[in-house]
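Nothing in this text is a laboratory measurement; each read-out follows from the coordinates by a stated rule. Since the structure is predicted, the reported quantities are computational estimates derived from the model, not experimental observations. When we count neighbours, we look across all protein chains shown, and the Cβ atoms used for this are built from the backbone with ideal geometry, even at glycine.
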Amino acid sequence: MSENRAVREIPVAGTASDQLRLMRKDRIAGLHKFNAEQGDIGRFAVVFGDVVIVNEPELLHEILVTKAKSFEKSPILRTSLYPLAGDGLFTSEGELWKKQRRLMAPMFQPAGLRHFADDMVRCTDRAASTWRDGDTVEIARETTRITMVIAGKNLFDEDTFSESDALGGALTTALEWAGTESSNPALIAQARAQIGLELIADRVPAMLAGSLRKLADRLRAPILWPGARSRALKDAVAVLDARVARMIADRRKDTATHRDLLSLLLDARDDDGAAMSDRQVRDEVLTLFVAGHETTATALAWAVMLLCQNPEAYARVRAEVDAIGRLPTMDDLGRLSYCLRVFKESMRLYPPVYLFGRVTITPVDIGDFHFRKGTVVLVSPYALHRREKLWPEPERFDPDRFLPEAEARRHKSAFIPFSAGPRTCIGNHFALMEGPLVLATLFHHADFELIDPNGTEPDPQATLRPKTGIPARITRRRPSAS
């Protein structure tokens, strides 16, 4: 099929300014509006190509799985996350991504995760043991502290408990900057310019094309305009860089054997025997540290809120935890099937990565539609997970949507909190083990009562965090360590 011929025209969802309003004014309301008015697919016409929102499992399966080689990560996402993640696994492309993914994948296979379970429970037990009867705690803050310690211990054999608030503050600043900038017209224009330069390079002599592609590559890093926000970002990244640099230096001097990702990264060698640069190690460490705690912490916070709002589900979690009668272990994971379903349902309603993008690097047919090179494709798990035709009564909290027989009936790309295909989140098995183990440990220690029974709304930044926090009153079920 030629690039200019389409089997079926992609329905127009609006102009570029409509898309910008949708993404800047109220992303959540905009995604609900897209569900109501467009459904499967819609197109916004912009300079240097189109922006297309795709929201249908069959089409998404082609984009993310069967025809994934025709797509790269969106330059908007890569540019907004560059100060934090650099060329880490989440943002890198091409041969670098393939090499790093191949290197790190073995550590995250289910068979290799078993020895992490005890640390997951120990870290949660340590945090929950400090709560006193009648305390009011902010659930999202607590789950962030817990998962940050778990990520530090399991991924890097480091105890970050004493630094979790400082590190959490720095990460929050960097992620909020990325979330805001991803809808900044200046950054969007910069990302579109990258695409435009690549498209022009396809049509000019090789000597000029090379220069254009080098210029496009230089536009990957965002322009940090003078101001308070840029200063705050630089300060936050400096805190994170200093922590990672100290971690790398300490490990290089340590002669002990460690079973963690940091050791694997430092010991890795290319085919020519060259070690990974400290900058690349830094990018991978921060990428996995963020991915290893931010998304799971957010999903756990939503899970606790949703359980408090649904007494029947709450009682089922308590009964499952009480049937074990002690802190859970890896061997108990099969007995925590309802906790796992709760965790999945919380990610259906509030997927931490609620919006991500791809860009076509070749012309490609998706379903009955033709996508030109340079088309930006937006995928929203939040919108997809709330489609009535896929999820009856989509606003209702029902963990039994994830009973094995129900999952078997659903299209595999109807639930994509970890994306799908070759770029599926490398830590998905880690998260699906961590979620139920942490939930069970929390409910082993305490009962929770929301201070505001209505909970809170989602705040659509880089991840879908609770907007005003989730304060809850603690009633201890076991004696406090303090």
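How would you rank LEU89, LEU81, going from fewest to most other Cβ atoms within 10 Å of each one's own Cβ?
In increasing order of surrounding Cβ atoms, one gets LEU89, LEU81.
At a 10 Å Cβ-Cβ cut-off, how would you order VAL237, VAL54, VAL7, fewest neighbours first?
Lowest to highest Cβ neighbour count: VAL7, VAL237, VAL54.
For LYS214 and THR475, FRET efficiency with R0 = 51 Å and r from the beta-carbon atoms, rounded to 0.05?
Here the calculated transfer efficiency is 0.25.
Efficiency by 1/(1 + (r/R0)^6): what FRET value for LEU224 and ALA111, r their Cβ-Cβ distance, R0 = 35 Å, to the nearest 0.05?
0.20
Angle, helix 117-128 long axis vs. longest principal axis of the chain, Cα atoms, 0 to 90°, nearest 10?
70
Per the helix-only calculation at 222 nm, which mean residue ellipticity applies to the chain, given -39500 (n - 2.57) for every DSSP H run of n ≥ 4 and division by its residues, nearest 500 deg cm²/dmol?
Working: 18 runs with 244 residues, N = 482.
That comes out to -16000 deg cm²/dmol.
Under a crude label model (7 Å from the Cα following the beta-carbon direction), how far is ARG246 from ASP267 in nanometres?
Between ARG246 and ASP267, the label points sit 2.6 nm apart.
When a/c is below 1.5 the answer is rounded, else prolate if a/b is larger than b/c, else oblate, so apply that to the range 417-482 with a ≥ b ≥ c taken from the square roots of the Cα gyration tensor eigenvalues.
Note, shape of the range 417-482 comes out oblate.
Relative to the longest principal Cα axis of the chain, at what angle does helix 164-181 sit, 0 to 90 degrees, rounded to 10?
30
If I fit a long axis through the Cα atoms of helix 206-218 and take the longest principal axis of the Cα atoms of the chain, what angle between them do I get, 0 to 90°, rounded to 10?
In the chain, helix 206-218 runs at an angle near 30 degrees to the longest axis.
So for the range 354-482, Kirkwood radius off the Cα pairs, Stokes-Einstein at 4 °C and 1.567 mPa s: how many µm² s⁻¹?
Using the Kirkwood radius from Cα pairs, D works out to 70 µm²/s.
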